[in-house]
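The values are calculated or read from the model by the stated rules, or taken from the named source; none is laboratory data. In this text, all values refer to a predicted model and were calculated from it rather than measured experimentally. Note that each Cβ is placed from the backbone with ideal geometry, even for glycine, and that neighbours are counted across all protein chains shown. For the accessible areas, the whole protein counts, side chains as well, though only heavy atoms, and no ligand, DNA or RNA atoms are used. Shrake-Rupley method; radii C 1.70, N 1.55, O 1.52, S 1.80 Å.
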Amino acid sequence: VVISDIRMPDMDGRALLREIRSRGLDVYTVMMSAYGGDEVAIQCMKEGAYDYFSKPFRADEVVLLLRKIEEREQLQQENRQLREELGERFSFDNIVGRGPGMQECFDTVRKIARYKTTVLITGESGTGKELLARAVHRNSDREGQPLIPVNCAAIPENLLESELFGHARGAFTGAVKAKPGLFQEASTGTLFLDEMGEMPMGLQVKLLRALESGEVRRVGETKPEAVD
């Protein structure tokens, strides 16, 4: 923050203000003067000053203005940080790959992200399948909705169906209350199933039915539930 008088030797305050502006310095400039009144204040604001004080002024006026500037700067920093996190975290700039194969992959993501569809991503372990899935979600209309990843190989087979589709109360030992599955939790958003090839064959059939019909049935229930 620069607090400057207008009348000064060698360079007056308005010349200083123009110099600060021409150099593109990231500062808040506050001008003060006992001469000129509102006309000078308006001119200073037009030339880029953040605020203006008429002399004499009370010290608590300056302190109050400085607090106001501090709060404004903190809000701007938070907004910039949020925009960077949302805009860059899962952007294509964060996926390393300049070759024609990767560029073709990025083009495909841009195309399919516009549609409500099921996407199959294949690749060796560690090649960035989840990062690519997040890029699809990030570039789709579902961006503001939940993205839920689940590693199918990390969940025991006897619990996987309940995790995916949910269960009714009393459906099995320990099911003391009804629980929605990950399909319901991700509804209107994106569900990323990692290592789905590790699922038991019977569960893969139920998964296919859920993808085709857009409906899931909780363990212990007979009525299906629509999910998006």
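Filter the stretch 196-228 down to residues that are touching a Ser or Thr at 6+ places or on another chain (Cβ under 7 Å) and of a type in the set (A, V, I, L, M, F, W, C) and give me whichever is surrounded by the fewest Cβ atoms within 10 Å (Cβ to Cβ). It would help to see each step written out before you state the result.
Narrowing the stretch 196-228 to residues touching a Ser or Thr at 6+ places or on another chain (Cβ under 7 Å): 211, 219, 227-228.
Subset that is of a type in the set (A, V, I, L, M, F, W, C): 211, 219, 227.
Numbers: Leu211: 13, Val219: 18, Val227: 20.
Top of the filtered list is Leu211.
Taking Ile121, is it outside any helix (DSSP H, G or I), within 17 Å of the chain's Cα centre (by Cα) and either β-branched (Val, Ile, Thr) or closer than 25 Å to Thr222 by Cα (or both)? It would help to see each step written out before you state the result.
Details: outside any helix (DSSP H, G or I): yes; within 17 Å of the chain's Cα centre (by Cα): no; either β-branched (Val, Ile, Thr) or closer than 25 Å to Thr222 by Cα (or both): yes.
Here the answer is no, as Ile121 does not meet what is asked.
Are any residues in the stretch 151-163 surrounded by fewer than 19 Cβ atoms within 10 Å (Cβ to Cβ) and in contact with a helix residue (DSSP H, G or I) (Cβ under 7 Å, 6 or more places away or on another chain), and if so, which ones?
Ala153, Ile155, Glu163, listed by residue number.
Being open to solvent by 30 Å² or more (accessible area, probe 1.4 Å) and touching a strand residue (DSSP E or B) at 6+ places or on another chain (Cβ under 7 Å) is the filter here, so list the residues in the stretch 2-25 that pass it.
Within the stretch 2-25, Val2, Ile3, Asp5, Arg7, Leu16 qualify.
Which ones in the stretch 174-200 are outside any loop (DSSP other than H, G, I, E, B) and modelled with pLDDT of 90 or more? Let's see the steps before the verdict.
Step one: filter the stretch 174-200 for residues outside any loop (DSSP other than H, G, I, E, B), giving 179-180, 182-185, 190-194, 196-198.
Selection gives Leu182, Phe183, Gln184, Glu185, Thr190, Leu191, Phe192, Leu193, Asp194.
Scan (1) in a helix (DSSP H, G or I); (2) under 20 Å from the mean Cα position of the chain (by Cα); (3) not hydroxyl-bearing (Ser, Thr, Tyr) for the single condition Lys111 breaks and write down its number.
Status for Lys111: all satisfied but (2).
When Tyr28 is evaluated against the numbered criteria (1) open to solvent by less than 60 Å² (accessible area, probe 1.4 Å); (2) without any contact (Cβ under 8 Å) to a residue 40 or more places away in the chain, which criterion, by number, is the only one it fails?
Of everything listed in (1) open to solvent by less than 60 Å² (accessible area, probe 1.4 Å); (2) without any contact (Cβ under 8 Å) to a residue 40 or more places away in the chain, Tyr28 misses just condition (2).
Given (1) more than 22 Å from Gln76 (Cα to Cα); (2) open to solvent by 60 Å² or more (accessible area, probe 1.4 Å), where does Leu64 come up short, assuming only one miss?
(1)
May I ask you to list the residues in the stretch 143-173 that are within 26 Å of the chain's Cα centre (by Cα) and part of a loop (DSSP other than H, G, I, E, B)?
Selection gives Glu143, Gly144, Gln145, Pro146.
Among the residues of the stretch 124-142, what is the count of those that are modelled with pLDDT under 90, open to solvent by less than 70 Å² (accessible area, probe 1.4 Å) and in a loop (DSSP other than H, G, I, E, B)?
So the count comes out to 1.
Just one of the numbered conditions (1) in a helix (DSSP H, G or I); (2) in contact with a Leu (Cβ under 9 Å, 6 or more places away or on another chain) is not true of Glu78; which one?
(2)
Would you pick out the residues in the stretch 108-123 that are open to solvent by less than 80 Å² (accessible area, probe 1.4 Å) and among the aliphatic types (A, V, I, L, M)? Walk me through how you get there before you give the answer.
First, pick out the residues of the stretch 108-123 that are open to solvent by less than 80 Å² (accessible area, probe 1.4 Å): 108-109, 112-113, 119, 121, 123.
Result: Val109, Ile112, Ala113, Val119, Ile121.
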